[in-house]
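Heads up, the thing below is written out as structure tokens.
The values are calculated or read from the model by the stated rules, or taken from the named source; none is laboratory data. These figures come from a predicted structure and were not determined experimentally. So basically every Cβ, Gly included, is an ideal-geometry build from the backbone, and we count neighbours across all protein chains shown. Just the protein is used for accessible areas: all its heavy atoms, side chains included, with ligands, DNA and RNA removed. Shrake-Rupley method; radii C 1.70, N 1.55, O 1.52, S 1.80 Å.
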Amino acid sequence: MSTARFPKRYVIVFLTFVCTCVCYIERVGFSIAYTAAADAAGINQSRKGIILATFYYGYACSQVPGGLAAQKIGGRRVLLFSFALWSLTCAFVPMDPNRVTVLVVARFLVGVSQGFIFPSIHNVLAQWVPQHEKSRAVSLTTSGMYFGAALATLLLPSLVKFQGPESVFLVEAILGALWSLLWFKYSSDAPSDYSKAAASDFGEFVLPIGHVKEKVEDGGVYSIKTSKIPWKKILFSLPVLAIVVNNFTFHYGLYVLMNWLPTYFELGLQHSLQDMGSSKMLPYFNMFVFSNIGGVIADHFITKKVFSVTRTRKILNTVGFVIASFALIALPWFRTPDGVVLCSSIALGFLALGRAGFAVNHLDVAPRYAGIIMGVSNTAGTLAGIVGVDLTGRLLEAAKLAQLDLTNPESWTTVFLIPGVLCIFSSVVFLVLATGDRIFE
């Protein structure tokens, strides 16, 4: 294959797309398999919430360390290590809902290993992707999450039905191993010469942590300039805060739906996922489509100078989050499977569209430190998973104690009202505080 016809960065972006796809097959797959096993064993909703949330505790612990590790030794190597670790964990852990300690340790370990992945991906993309392709590259990569979730939702309920919940772990381990082999064979680091990379229209080359070295030309003589990661500026930056707040809200809505929609269908609507055919994949497939639409629109607005980078990010973020908020608030009042699929598809689709705003903004404001800022903001997103998934289980148990049946829409109203309100709040924060200008050199 000629690199002139098919640039290496396209290979890298495609592999990161497959990476996120496999990761979300694992996450959604566990939710589907564990829900089936736990319901069969009579596990209550609060206990289910604890097990489902354990992944996010581990995930939160490794976000910032993941960004630092990627910055120091390179995102390519960290990705390979992360995949190997969680794949081995899936291969050797039994799916027994009564073995609570084993499941908690396993899910925590999978969370830790997967926590390194997204900061590493942003590190890799910051090295390889030029400015005019950033929105599309990030949108395509992150859309793999939703494509993977769609595939898992479509295929894995039948696998659980015919082969049992344990079979899901085996499939996930095999997929993780296959991706690791592809990444090992076809990935590579960006050119090590910074000026050569820039001249070749690569992205901002991400330099090692500690004393960062750059070649600075002065009359034909190269000197070395050193700098350190500006932690204080990163942590107290208002544009970074806008990214963090929106990341929290996006993942609160996504993780609540990802982990509790199976329960909503099974217990709220009394309808089995296994009987829904291909329609059950539509919410996540819609995210895949809208994520890429958002990336294409954003790059078009920016390259054609229709709007500035700042205005482009704010428009797409606001449109996505505001429409998603209305769909989330309305969701519990749809009482048919088709209605819930439609409403959740709108909610998740427009949340994905909003990622062309806040989720690409790391590369706008700090291309050199994109992996680290992604680690910081994704820590907030992971905390949303911990809070949202566990809180949902507690809200449902409280509804049962209040003599409300889970088939009653009122049992689910607060569950979906919280992310709906958060969407409105976050869109306002992004409008006020965000920028598309580079603020970290």
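What the Cβ-Cβ distance of Lys233 and Lys304 gives, at R0 = 51 Å and to the nearest 0.05, is a FRET efficiency of 0.95. The slack between Arg77 and Arg47, meaning 0.36 nm per residue of separation minus the straight C-alpha distance, is 7.2 nm. A helix-only calculation puts the chain at -25000 deg cm²/dmol for mean residue ellipticity at 222 nm, using -39500 (n - 2.57) for each DSSP H run of at least four residues, averaged over all residues. For the chain, the longest principal axis of the alpha carbon atoms and the long axis of helix 45-61 meet at an angle near 10°.
Accessible area per residue for the chain is 39 Å², calculated with a 1.4 Å probe on protein heavy atoms, without ligands, DNA or RNA. Using only Cα atoms, tell me the angle between helix 309-330 and the longest principal axis of the chain; keep it within 0 to 90° and round to the nearest 10. Relative to the chain, helix 309-330 is tipped by roughly 0 degrees.
With respect to the chain, whose longest principal axis is taken over its alpha-carbon atoms, helix 410-433 is tilted by about 20°. In this label model, Lys161 and Glu410 are separated by 3.5 nm, measuring between points 7 Å along each Cα→Cβ vector.
Local charge for His300 was computed over the other residues whose Cβ lies under 14 Å away, with Lys and Arg +1 and Asp and Glu -1, and equals +4. Here the chain exposes an accessible surface that is 66 percent carbon and sulfur, computed with a 1.4 Å probe and the other protein chains kept in place. Amide H contacts of Val129 (H built 1.01 Å from N, in plane; Pro and chain starts excluded): Gly203 sit under 5 Å, all sequence-distant by 5 or more or on other chains.
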